[in-house]
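One structure is given here, and the rest of the page talks about it.
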Ligand SMILES: [Zn+2]
């Protein structure tokens with residue numbers, strides 16, 4: 001950890017600072033060389049995973065213990081600047097003092113350490129087999145200390161990053177503060193050790209047993225957070241050899257030891273058949289806060305879709321209830337599925353008719369503390385996902401225009417977008433909808449979704465559809481990202497009529 005020092009900026013303070021430094025005992029030591037301190041501070045590349053203010057503070061700390069002055073700090077700092085940051089420095093003029101180097105780098109790179117990138121780092125970090133649960137917890141706390149991450153979110157990231165079966169991890173939820181959480185982690189660690197020992201004994205007994213499904217046993221690495229609800233945790237984009245790497249070209253291989261649920265009997269999407277069961281005079285779906293604007297809206301390209309995630313002011317988060325739903329469902333994120341041309345793209349189809357774009361508004365039941373907890377449950381209605389179709393039109397959709405303009409810039413770390421109440425996407429809250437029980441439409445395909453498919457499509461201009469098709473993943477356009485239609489397997493599809 002580092003301590004933030006008061007900056008000694010401006011020419012006027014440097015002499016005073018030096019005089020004070022002379023009084024400090026450390027200055028009387030023999031000066032240490034750069035080689036002595038090599039490795040004490042990491043290279044700074046301008047990569048936003050490593051915050052520039054932390055790097056600056058580390059250099060000042062090292063300089064303090066080594067008894068260096070401004071010139072040594074400048075030279076030492078410059079040695080450690082590489083990559084993008086080095087290229088950036090080359091085009092700067094007048095960087096002849098540490099103060100100038102520091103302010104130049106801070107000005108250029110500080111704003112890039114967004115909350116989104118800290119969230120991304122947290123969601124990417126998993127407990128390794130070499131570290132204890134406690135060590136992992138403190139590593140995550142250190143990452144979180146760079147941004148303003150709420151304790152609740154931190155706890156969730158920690159739970160997500162611990163490999164293992166969801167039923168055991170259930171005991172980690174519900175802590176009211178970090179101290180309680182640490183106690184839960186200790187108890188969990190003890191239990192894991194015990195189960196591992198028991199399983200090791202059982203494995204010896206049944207040496208040739210078939211691999212157990214991931215829900216039923218085995219201490220296996222955590223399957224990736226599904227793209228459907230992912231808020232940017234895709235860490236396998238570059239690593240195509242990763243066992244959890246998947247693509248839409250490769251759907252037949254999703255059903256594997258890693259994503260066994262993709263072969264379940266309640267999978268999505270489906271073709272909405274002609275013979276649906278109508279429910280007339282049903283209670284209305286209640287869309288609350290859909291006209292409230294977020295505090296922040298971030299668009300991310302996670303390699304499988306474009307995701308919009310948001311932060312709302314207290315009490316402002318959209319909640320869906322009523323209609324077919326029992327309980328309140330909290331909005332989590334939205335994303336889109338599209339196809340190569342206007343004849344294809346939506347995941348759901350209507351008697352085989354497909355639309356060029358389908359938007360998914362993901363909600364989770366408020367009885368769960370978080371989206372991850374809802375996903376980890378085996379509750380068939382833990383999530384409510386609203387599917388909204390778009391049809392190509394000459395009419396533009398003002399809400400979508402706002403989003404598509406920013407989409408091209410969306411990277412895996414996300415771009416901040418101007419805020420946009422979800423209602424402005426043109427949702428008609430009185431529309432009739434089809435509903436059935438299904439799954440996430442991407443690995444690991446958890447069967448935990450109450451689907452609500454709005455009957456009436458919204459409009460979108462063809463030119464905006466092309467923006468989706470030009471989204472790049474590993475340098476290639478992601479031309480389609482829909483899953484193939486899954487068998488209904490006798491499931492009932494209901495139609496809730498337009499609500500008055
Ligand atoms: Zn989806």
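Which members of the stretch 367-388 meet the condition of being away from the ligand (no atom under 16 Å from the Cβ) and not in a loop (DSSP other than H, G, I, E, B)?
As a first pass, look at the stretch 367-388 and keep what is away from the ligand (no atom under 16 Å from the Cβ): 367-370, 372-373, 376-381.
Within the stretch 367-388, 372, 373, 376 meet the criteria.
Take the conditions within 15 Å of the ligand (Cβ to nearest atom) and on the phi < 0 side of the Ramachandran plot and apply them to residue 422. Does it pass? Steps first, answer last, please.
On the way: within 15 Å of the ligand (Cβ to nearest atom): no; on the phi < 0 side of the Ramachandran plot: yes.
When the stated conditions are applied, residue 422 does not pass them.
Would you confirm whether any residue within the stretch 391-398 is assigned by TED's automatic domain parsing to the domain that holds residue 453 and crowded, with 21+ Cβ neighbours inside 10 Å?
Step one: of the stretch 391-398, the residues assigned by TED's automatic domain parsing to the domain that holds residue 453 are 391-398.
From what's left, crowded, with 21+ Cβ neighbours inside 10 Å: none.
No, the stretch 391-398 contains no residue that is assigned by TED's automatic domain parsing to the domain that holds residue 453 and crowded, with 21+ Cβ neighbours inside 10 Å.
Any chance you could count how many residues in the stretch 442-456 are under 18 Å from residue 390 (Cα atoms) and either buried (at least 22 other Cβ atoms within 10 Å of the Cβ) or within 16 Å of the ligand (Cβ to nearest atom) (or both)? First the steps, then the outcome.
Of all residues in the stretch 442-456, those under 18 Å from residue 390 (Cα atoms) come to 451-456.
Keeping just the survivors that are either buried (at least 22 other Cβ atoms within 10 Å of the Cβ) or within 16 Å of the ligand (Cβ to nearest atom) (or both) gives 451-454.
Looking only at that region, the number is 4.
Among the numbered criteria (1) modelled with pLDDT under 95; (2) in a loop (DSSP other than H, G, I, E, B); (3) in contact with a strand residue (DSSP E or B) (Cβ under 6 Å, 6 or more places away or on another chain), which one does residue 332 miss?
It is condition (2) that residue 332 fails.
Give, as residue ranges, the helices (runs of 4 or more DSSP H) completely inside the stretch 34-126 that count at least 1 residues that are under 30 Å from residue 157 (Cα atoms) and within 36 Å of the chain's Cα centre (by Cα).
On the way: elements: 34-37, 52-66, 70-80, 83-90, 98-109, 115-124.
The helices (runs of 4 or more DSSP H) meeting that bar are 52-66, 83-90, 98-109, 115-124.
Out of (1) closer than 27 Å to residue 295 by Cβ; (2) surrounded by fewer than 22 Cβ atoms within 10 Å (Cβ to Cβ); (3) more than 16 Å from the ligand (Cβ to nearest atom), what's the single condition that is false for residue 333?
Residue 333 satisfies every listed condition except (3).
Residues that are within 22 Å of the chain's Cα centre (by Cα) and within 24 Å of residue 352 (Cβ to Cβ): which strands (runs of 3 or more DSSP E) entirely in the stretch 389-500 hold 1 or more of them?
On the way: elements: 415-417, 433-438, 449-454, 458-461, 494-496.
Ranges flagged: 449-454.
Of the residues 387, 399, only one is under 19 Å from residue 422 (Cβ atoms) and modelled with pLDDT of 95 or more; which? Spell out how you get there, then give the answer.
On the way: 399 fails: modelled with pLDDT of 95 or more.
The conditions single out 387.
Going by the structure shown, is residue 471 within 16 Å of the ligand (Cβ to nearest atom) and in contact with a helix residue (DSSP H, G or I) (Cβ under 9 Å, 6 or more places away or on another chain)? I'd like the intermediate steps shown before the answer.
Values: within 16 Å of the ligand (Cβ to nearest atom): yes; in contact with a helix residue (DSSP H, G or I) (Cβ under 9 Å, 6 or more places away or on another chain): yes.
So residue 471 passes the test.
The values are calculated or read from the model by the stated rules, or taken from the named source; none is laboratory data. Not measured: the values here are computed from a predicted model. FYI the Cβ positions are ideal-geometry reconstructions off the backbone, even for glycines, and counts take in every protein chain you see.
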